[in-house]
Structure formats: structure tokens, C-alpha cells
Amino acid sequence: MYHKFIGDREVFSTCKSIQTNEGFWISNPTEEQIADAGWLPYVPPVVPPEPELEPDLTAEMEAVKRMFSTQTEELSDEEALEVAALFPTWASKIGSEVKVGERLWYNGKLYKVIQAHTTQADWTPDVTPALYVEVSVVEWPGWVQPTGAQDAYNKGDKVTFEGKHYMSLIDGNIWSPAAYPAGWEEQL
């Protein structure tokens, strides 16, 4: 391959036939004739290799999550909160079946599945208390109206209701301390 500048343009040619400076055409010219016509061998510029970039940590994080996925199921809520980034995101599970006890990361919080179901885009953990409960190590979380047996309070569960601390005295407790005082004991 050869090249030369004609005006301000760089032109490339195989030089199988060339026009001499006198205007004659030559087929299969010699190297000397090509050089006399102003053509130079074209040497492509050396392009330095792309610098090696830091690896994409997203892929590495997903590998770590897969590696620890079976071990994270055994963690207590307190331990799970310490390594919350190892749990899958809720968005990654849309359209998938989730089982009771499975933990998912959503909107900066860790949630636990309390009723097995197939996830839907409009059933986010923050608005479906019948399906999810926020993982918390708060000793006296705020009382939330249970939607059924799957998220009812059990004997020994602690809650804060209207600024006071209560402990459930019964299993399957779906009533507030105001609605069913016999199901709760105020803690002083």
C-alpha cells in the first residue's frame, strides 16, 4: 500500500498502475517508478494498546453473592444486616418465586419474605406488609397491623404502640394492644 498527499488530502493506492509526473500511465510500475511519481510506502501508525482497566466490581460482587448465598440463609437478622450487600436485590427477583425467610435488599433496607409468592413489580416490600417484613434489630419496633397469620405477632414479640412498650402474650396475635389488651403486657 502506498500514499501521497494531493493538495491537502492524503490518497492511498496499491499502485498497480500510476500516472507519472509527465502525465503518462504505467501499468505494473517498478518501485523506482512509484517513488519517482511521489508515492511512499504506507506504514500504519502504531496504536498503543489500550491500558488495562480495573476489573468491573459488579461481576465480582455477583460472584461473591453466589458463593455466600447458601451461607447467608443461616445468618441471624443482626448478622444479616452486617453483610446486607451480599443479599440479592428485590428488583433482581421480579417475576421469580421467593420462599419464606428469604432476604432481599430493597431501597436501602433488608427485607425478609414472610409469605412465599412470585414477585411482581408493583408488590414492593415497603408497601406489601403481607409479603415482607423489614429486617431490624430494634428491640421495640413500631407495631404494624398484621394482615393475617403469616405476619401475626407471636408470644414474646416486642412492639412499641402509642409510645409504650408491649410484649405479646399469645401466638397469632393480630390485634393492637388497644383492640385486645389481654393479648399484650405493657413493659415498664
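Throughout, read-outs are computed from the coordinates displayed, never taken from laboratory work. Keep in mind the model is a prediction, meaning the values are calculated, not measured. All Cβ positions, glycine included, derive from the backbone under ideal geometry; neighbour counts span all protein chains shown.
For the range 138-188, a Kirkwood hydrodynamic radius built from all Cα pairs, placed in the Stokes-Einstein relation at 37 °C and 0.692 mPa s, yields a translational diffusion coefficient of 312 µm²/s. Dividing the Cα radius of gyration of the range 104-148 by 2.2 N^0.38 Å, with N the residue count, gives 1.15. For every helix of n ≥ 4 consecutive DSSP H residues, a contribution of -39,500 (n - 2.57) applies; sum these over the chain, divide by its total residues, and give [θ] at 222 nm rounded to the nearest 500 deg cm²/dmol. Computed ellipticity for the chain at 222 nm equals -4500 deg cm²/dmol. Within straight-line reach of residue 109, meaning a Cα separation under 19 Å, sit the following lysines at least 8 residues removed in sequence or on another chain: 65, 93, 99. Straight-line cross-link partners of residue 4 among the lysines, defined as a Cα under 20 Å from its Cα and at least 8 positions apart when in the same chain: 16. Here the spin labels are modelled as points 7 Å beyond Cα on the Cα-Cβ line, and at residue 169 and residue 47 they lie 8.0 nm apart. The chymotrypsin sites (Phe, Trp or Tyr not before Pro) of the range 11-89 that DSSP puts in a loop, and whose beta carbon has at most 14 other beta carbons within 10 Å, are 24, 42. Out of (i) 48, 39, 36; (ii) 114, 29, 28; (iii) 124, 38, 25, which label holds the value of Cα extents along the principal axes in Å that was computed here? Matching the structure shown: (ii).
For the range 1-89, the list of GluC sites (Glu not before Pro) that fall in a loop by DSSP and count at most 15 other C-beta atoms within 10 angstrom reads 22, 52, 73, 74.
With unit charges on the beta carbons (Lys and Arg positive, Asp and Glu negative) and the dipole taken about the Cα centre of the chain, which residue among 143, 27, 7 sits farthest to the positive side? Of the listed residues, the answer is 143.
Compared with the dominant principal axis of the Cα atoms in the chain, helix 57-72 is inclined by about 30°.
Against the empirical 2.2 N^0.38 Å (N residues), the range 56-137 has a Cα radius of gyration ratio of 1.04.
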